[in-house]
Amino acid sequence: MIDKLNTPVFVTQPDLPPLDEFIDSLKIIWQNKILTNNGPFHRQFEQELAEYLGVKYLSVFSNGTLALITALQALHITGEVITSPFSFVATTHSLWWNHIKPVFADIEPGYFNLDPDKVEAAITPQTTAIMPIHVYGNPCNLGRFEQIADTYGLKLIYDAAHSFGVKVNGNSVLNYGDLSILSFHATKVFNTIEGGAIICPDEKTKKRVDYLKNFGFAGETTVIAPGINAKMNELQAAYGLIQLKYVDSYIEKRKKIAETYRDRLKGITGISFLEDMKDVSHAYSYFPILINKEEYGRTRDELYEELKLHNIFGRRYFYPLISQFPTYRGLPSSKPDNLPVATKVAEQVICLPIFPNLELTTINEISNLLRR
Ligand code: T4K
């Protein structure tokens, strides 16, 4: 009999920077009284973050959702945008907030990313852009999406909320597409409590994004567009700067946890998981497994409930599909017949706890519960 764990184990737990280092930064902020609006920590954070990620230009935001909404504004996207139903609701909500019609296309069975062939088949004269997600940080089919966008004259905006630090052949995945966005929410590999960024290909685009996140101000008395307030404040930027010193160690620990899970779970009939992709440096943001109920003898939901009884709180990211929520389920592209792979994966998936402080004994207990 496996005992209930004493303390609950959640799907994730944030890493916080050493408190004494953060207090040193707070003292500076308390002294200079610059709290927000492109202050010194904000500027330094943007610079060091771009260097760390291996990208040329980026603009930090108060959260990933506002980064998505602003990215669509920056590129003047209208009409229809093709996207994945297998993501966090914020992806599609960003379209809705811009009065853009989401068109859902199905995902690939391998890594659960948007299927380029299905995207191509869904293009209409109203389509203006494609918004794929690198789900769980696993890169999409970058070459095919670029080719489709070029052929049909569409913009390509990647929701890279899960892709902090992910590289393909040594090049950041954030360097692809017209724009990419990141999330630095507390639940992410790299957090600034709340936060996000837009990665821009050139200085001109960064400037426009910077204006848009500050009400559209391009100077004290000039407003170039109806911008929003999506700025990151100085406390979060200072916190993020410290996090940058430690994030490699966070990712290294996550990698070990993923390897341990794979070792413990291999050979369990009815449970499958994702391997690392060739030529990709991963950040191990999530550890999803799929439950085949016929082979495993239990449904995903039965397992999910049983884990909870043992104080283990996995999460069914991303169930239900976005296309099943009331706002979107009336769309023609939301019909389950149009989304067979996504529908199946959403019924089978459960993300196991993964975070740097997860103890080996807990990984073993979770694995034993799954094997039973
Ligand atoms: N695009 C994609 C593909 C995304 O996944 C997301 C966000 C976005 C865009 C939007 O980015 P942001 O605007 O959020 O920057 C969480 C996060 O709130 C959300 O950021 C994330 N994706 C989504 C996948 O997960 P919930 O509702 O599942 O989070 P919550 O509060 O249930 O947290 C999960 C567990 O983490 C908790 O059970 C306990 C633990 N936890 C959480 C928090 C907040 C902590 O230990 N400490 C904490 O402070 O949405």
Cα lying deepest toward the dipole's positive end in the chain, options Ile366, Pro109, Gln31, charges on Cβ: Gln31
Cβ charges +1 (Lys, Arg) and -1 (Asp, Glu), total dipole of region 2-150, debye: 480
Helix-only CD estimate at 222 nm, as mean residue ellipticity for the chain, using -39500 (n - 2.57) per DSSP H run (n ≥ 4): -12000 deg cm²/dmol
Spatial separation of Cα centroids for region 314-372 and region 248-297, in angstrom: 14
Footprinting exposure proxy for Asp210, Asp115 (fewest neighbouring C-beta atoms within 10 Å first): Asp210, Asp115
Relative contact order, percent, region 74-154 [alpha-carbon distance under 8 Å, six or more residues apart]: 33
Within-15-Å neighbourhood charge of Tyr284 [Cβ basis; K, R +1; D, E -1]: 0
Fully extended contour minus Cα-Cα distance, from Asp24 to Thr269, at 0.36 nm per residue: 83.0 nm
FRET efficiency, 1/(1 + (r/R0)^6) with R0 51 Å, evaluated for Glu203 and Leu369 via beta carbons: 0.45
5 Å binning of all Cα-Cα separations within region 275-372, expressed as whole percents from 0 upward: 2, 11, 18, 20, 17, 15, 10, 5, 1, 0
Net charge of neighbours whose Cβ lies under 15 Å from the Cβ of Leu26, counting Lys and Arg as +1 and Asp and Glu as -1: -2
Region 103-218, Cα convex hull volume normalised per residue, Å³: 133
Computed lengthening from Asn311 to Ala121, 0.36 nm per intervening residue step minus Cα-Cα distance: 64.0 nm
Share, in percent, of DSSP beta bridges within region 149-240 that are antiparallel, nearest 5: 75
Hull-based mean projected area of the chain, where the convex hull spans the alpha carbons, in square nanometres: 19.3
Leading residue at positive end of dipole, the chain (Cβ point charges), from Gln73, Ser180, Leu142: Gln73
Spin-label zone in region 232-250 - amide nitrogen under 17 Å from a point set 7 Å from the Cα of Leu35 along the C-beta vector: 232-239
Linear extension gain, Lys335 paired with Phe10, 0.36 nm per residue minus alpha-carbon span: 113.8 nm
Label-point separation in nm, Glu359 to Val168, each point 7 Å along Cα→Cβ: 4.0
Kyte-Doolittle mean at least 1.0, axial Cα span of 18 Å or more - DSSP H helices of the chain: none
Counting DSSP beta bridges with both ends in the chain, the antiparallel % (nearest 5): 60
Surrounding net charge for Leu114, when Lys and Arg each add one and Asp and Glu each subtract one, Cβ distance under 12 Å: -4
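None of the figures in this text is laboratory data; all of them are computed from the coordinates on show. Quick caveat: nothing in here was measured; it's all calculated off a predicted structure. Backbone-built Cβ (ideal geometry, glycine too); neighbour counts: all protein chains shown.
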